[in-house]
Each structure stands twice: as C-alpha cells, then as structure tokens.
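The values are calculated or read from the model by the stated rules, or taken from the named source; none is laboratory data. Just so it is clear, the model here is predicted, and its values are computed rather than measured. Cβ placement follows ideal geometry from the backbone for every residue including glycine, while neighbour counts extend to all protein chains displayed.
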C-alpha cells in the first residue's frame, strides 16, 4: 500500500460550510477541495486494483468514499496549479481577457511613442511606463507638470516626480477600466457558480473528509509502528499482561534494553526491587505506556506474541513533579496520590507506584507499603510497584497474589543491565559495590555486623535465589539451543524424506514411461510384421500349392 498517501489534503469543511451559506470561495479553497477529490479518486482506484489481503476496515472505508468527477473537473478547468483563474474558465472571460490584452498593447504602443518623442524627453524623469490606480502613467518631473497634458494620479515620496496619464491614452484607459470591471464581474459569476456546485455536494465532501481523516489516522499508526519496530499484541479482558522484549517507546533504539514482564496470571501484584538507576521506574513506565498504546489501537514496541489487557483506568504515581509544583514533601505528595488511587482502584484497573511508602521512616514506610499492596491485591487491581524496602521482599515472597521481581545489576562492571528478572527479589548491592570500589575490608565487616541476623538471612536467600535464577537461565538457554538444533535436524530429516520421496516418484514415473515406450514400440513392430505377412502370398506357384495339398 505504498501509494496510500494523503499529501496535500487539508480540512476543507469550513470552506464547504461557507459555500453552503452562499459565500464565494477563493481560489485556494477551490484547490484544496480539488485535492480532496483527487485523493479520494486515487484511494478508490488503489483499493480496486491492489486491495491487500488481511485488511477489512480500510477497503470498507474506501468503498464508502464517493467520487466527485464533475466537481473535480470543473475546478480543474477553472483554477490552475498556481491558484490563478484560467482564461478558459468561461468563453466570456476568455473574450474579455483577449480584448484587455489587445487594449493594453495599444496603450503601451502610444505611451512608448510619447516617451520616445524627443520633444517630451525633457519633461520625463525617466523613459518608463508604470501603473497607478489601474491607470497607465508616465513619470514627469514636478516642474513640468503643467507643461505635460494629462491627469495626475500620484507623486513620489520626495515630490520630485508626478505620475501623469497622458490625454492621448485617457479614453483607452477608460475602456480598459470597463473591461477590467467586466472581467471582475465574470470572475465573481464563475466563483459563485462553482461555489454553488460545492454547496450542492457539501454532505458528500464532509463525509469524504471524515473518511480521509480515518485513513490518515491508520496511516499514521502504521508509520509509527514501523518507526518503533512494533508488533500487534493480543488483547484480553482478564487483566493479563505478558510483554515480551518490551521497549520504552521514547528511549532511543540504540540505548533501550528490552524487558519481559508478566502480570495477572497467578498473581495480581509485582514488587520490583534493585539499585537506583537500574531501570525500575522505566519498567513501570513501559508497562503503563504499552498498555495504553494497545488500548488506543496502536501496535506496541514489543516482540510478537505479547499480550496485554484492556483496563478501565490506569493509575500512576511516578516521579516527584507534583511535590515540586505544590511545594509538598515527597511523602505527602505520594500519599496524596495514593489515597486518591486507593479510593478508586478496582479489579478493572492497572496501578503503577514508584517507590511505594518512600519519603518517611523506613519501618513505618514499609508497613504502609505492605498495607497498600495488600489492599490493592484484595480489590484485584493489577499492580506493579517499585521499592527499596527489604521488608517488602519477604512480604511478597510470603503473600499469595504478589511476586518479587528485580532489575539486574552486574557487580563486576558496577553497571545495571536493565533486565527485569521476574520471581527474583533484588538487592541494593551496597556492600558488593563498596568492596569493588576498594572500601577497607574491616569497615565492610563492621558494617555487616550492624545488620540484623534476619536481614543477613534475607540477603543470603536473595543471593541463593539469584544464583539459582542464573543457573536456570543458563540451563534454559542451553535447552532452547538444543531444541532449536533438534528442530533444525527434524526439518532437515523432513526435507530429506520429501526429497527422497520425490526422487522415488520421479524414478518410478520415468520407469513407467520407458516401459510404456518399449511396449508401444514392440506393438508397432508386431503390427508391422503381421501386416507384412498378410500382404505376402502363401505360395509362390501353383505347383507349390498342389504339393502342399497332396
């Protein structure tokens, strides 16, 4: 559908309304209406000759477009590409303009004779013919204005020059003025007639504009999908989200890291932990943006096979912009938002919370965060929340309906990988990072001693889970490689079988053809011998025949 372009089309509905109330349309408006007619004709022709398979709505919309060939041709015959009225717009206009050109030529000839006359040279500022007030004039020096017979129409800013219409061309200029007035009246008549024709098909033009806007919208969606390398997601009404290799649409393609996100199947809440700048907030924004893109009928920047739900509302408490604008503390700002969200959220909604419970005493903040998440789980809202609180990791591990997730951090490079790991709680990695940066070992050991036994056990559990996750991913990757190798071998075996079967069939076919050819040849030989024997006499003489009888 490369030919489906809407270049040059504008909204002509205001012009159509003006025509319907009796106003005269100008040349630019007529050209815009003609452009609409041309695009309608092109789209209808495109869908007649090159209707793509798999499309249902666009061909239906194209079928509803109505051609206006008479109006399109009328405007084409009236206005040229430069927005000027053609001489051929009407026979009378052509005649008037011919007369005007002839008369203008006569006027110029007379004025040329006047300005070239040697006796007039001293009166003229320069040998020039110009126009003032639709009248042909010549520039005369101020001091000779009374010596040069004619009508003064203007003077220069300095006052040194007056522009005089010589008496010799006054009558000709009067005739030209009359022709110009007649031309103006004819132009108005032509515009009134074509404006009336526009008004007659006003409803059709408006409906065509509405349908072209739909085509424009579809084309914009398609171009955006190509630009984002997007795919068509499956959509469900069960509240399930399964985004595969999802990318934030506003992060450059060479910088974005695709993530896999699951939510809604078996659990309704996701608690995302990990270090700062590790991609937690980007994950929330990606979930929200891709859900809204899909609900808007757009393709999403994710791999094929992705799935998202239709949510009644998407609530988000992300960032501190509101706190800055309203001069609120971070905690007050977030809590104000959360109170509103908790009052409204239901099982049909998606809730995204960045740093839930942050900005206050960690123990109280963690308790508030757990209560908030518990409420959202109870009402069934699909929820994704980020946090630094270790308490929420153990809460998520023990609470049905909620699952841990983390953004991966490479301790060796001290850089986040921005990958999202579902089912694995994250760590701030403060000790590991400090050790890599060279913090004294004794200070690290002393810092470890200040941590509670429970905290150390949780961290050990996290490390163990992370190691198991990595081992599982390695095993899964190896299993996937083996599966692909097996699929490749199966395809090769299947291809070999098909090739062998084809070769066998060819051999049998050729053998049958050769046997049939041999049989046909033998038959022809036998038939020839039979015919020869029938034609040959049994006895060559009467004596042989008598001997045979005896």
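Surrounded by fewer than 15 Cβ atoms within 10 Å (Cβ to Cβ), within 13 Å of residue 205 (Cα to Cα) and at pLDDT below 90: is that true of residue 48 in this structure? Before the answer, list the steps.
Details: surrounded by fewer than 15 Cβ atoms within 10 Å (Cβ to Cβ): yes; within 13 Å of residue 205 (Cα to Cα): no; at pLDDT below 90: yes.
So residue 48 fails the test.
Scanning the stretch 246-273 for residues that are within 16 Å of residue 350 (Cα to Cα) and assigned to a strand (DSSP E or B) turns up 261, 262, 263, 269, 270, 271, 272.
Tallying residues that are within 9 Å of residue 271 (Cα to Cα) and either within 38 Å of the chain's Cα centre (by Cα) or not in a helix (DSSP H, G or I) (or both) within the stretch 392-425 yields 6.
A residue that is surrounded by 14 or more Cβ atoms within 10 Å (Cβ to Cβ) and touching a strand residue (DSSP E or B) at 6+ places or on another chain (Cβ under 9 Å) can be found somewhere in the stretch 194-212.
Any chance you could count how many residues in the stretch 142-170 are closer than 18 Å to residue 111 by Cα and touching a helix residue (DSSP H, G or I) at 6+ places or on another chain (Cβ under 8 Å)? Steps first, answer last, please.
Taking the stretch 142-170 as the starting set, the residues that turn out to be closer than 18 Å to residue 111 by Cα are 144-145, 147-154, 161-170.
Filter once more, so that each one left must be touching a helix residue (DSSP H, G or I) at 6+ places or on another chain (Cβ under 8 Å): 148-151, 161-162, 165-166, 168-169.
Selection size over the stretch 142-170: 10.
Checking the stated criteria, residue 360 turns out to be more than 30 Å from residue 214 (Cα to Cα) and in contact with a helix residue (DSSP H, G or I) (Cβ under 6 Å, 6 or more places away or on another chain).
Here's the yes/no breakdown for (1) surrounded by 15 or more Cβ atoms within 10 Å (Cβ to Cβ); (2) within 59 Å of the chain's Cα centre (by Cα); (3) outside the structural domain of residue 30 (by TED's automatic domain parsing); (4) at pLDDT 85 or above:
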site: 134; (1), (2), (3), (4): no, yes, yes, no
site: 143; (1), (2), (3), (4): no, no, yes, no
site: 157; (1), (2), (3), (4): no, yes, yes, no
site: 177; (1), (2), (3), (4): no, yes, yes, yes
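Of the strands (runs of 3 or more DSSP E) entirely within the stretch 274-373, those holding at least 1 residues that are without any contact (Cβ under 8 Å) to a residue 60 or more places away in the chain occupy 313-317, 349-353.
Exactly one residue among 509, 491 is over 27 Å from residue 241 (Cα atoms), more than 41 Å from the chain's Cα centre (by Cα) and either modelled with pLDDT of 75 or more or assigned to a helix (DSSP H, G or I) (or both), and that residue is 509.
Considering the stretch 89-98 alone, what residues qualify as being over 14 Å from residue 184 (Cβ atoms) and touching a helix residue (DSSP H, G or I) at 6+ places or on another chain (Cβ under 6 Å)? Give the steps one after another, and end with the answer.
First pass over the stretch 89-98, keeping only residues over 14 Å from residue 184 (Cβ atoms): 91, 94-95, 98.
Across the stretch 89-98, the qualifying residue is only 94.
Can residue 255 be described as out of contact with any strand residue (DSSP E or B) (no Cβ under 8 Å at 6 or more places or on another chain), surrounded by fewer than 14 Cβ atoms within 10 Å (Cβ to Cβ) and assigned by TED's automatic domain parsing to the domain that holds residue 432? Show your work before the answer.
On the way: out of contact with any strand residue (DSSP E or B) (no Cβ under 8 Å at 6 or more places or on another chain): yes; surrounded by fewer than 14 Cβ atoms within 10 Å (Cβ to Cβ): yes; assigned by TED's automatic domain parsing to the domain that holds residue 432: yes.
Against the criterion (out of contact with any strand residue (DSSP E or B) (no Cβ under 8 Å at 6 or more places or on another chain), surrounded by fewer than 14 Cβ atoms within 10 Å (Cβ to Cβ) and assigned by TED's automatic domain parsing to the domain that holds residue 432), residue 255 qualifies.
The C-beta contact set for the stretch 8-32 (first residue within 20 Å of residue 210 (Cβ to Cβ), second residue modelled with pLDDT under 90 and part of a loop (DSSP other than H, G, I, E, B), distance under 7 angstrom, 6+ apart or interchain) comprises 32/10.
Among the conditions (1) in contact (Cβ under 8 Å) with a residue 12 or more places away in the chain; (2) in a helix (DSSP H, G or I); (3) out of contact with any strand residue (DSSP E or B) (no Cβ under 6 Å at 6 or more places or on another chain), the only one that residue 173 does not satisfy is (3).
Return yes when residue 439 is closer than 30 Å to residue 392 by Cβ, modelled with pLDDT of 85 or more and surrounded by 10 or more Cβ atoms within 10 Å (Cβ to Cβ) and no when it is not. When the stated conditions are applied, residue 439 passes them.
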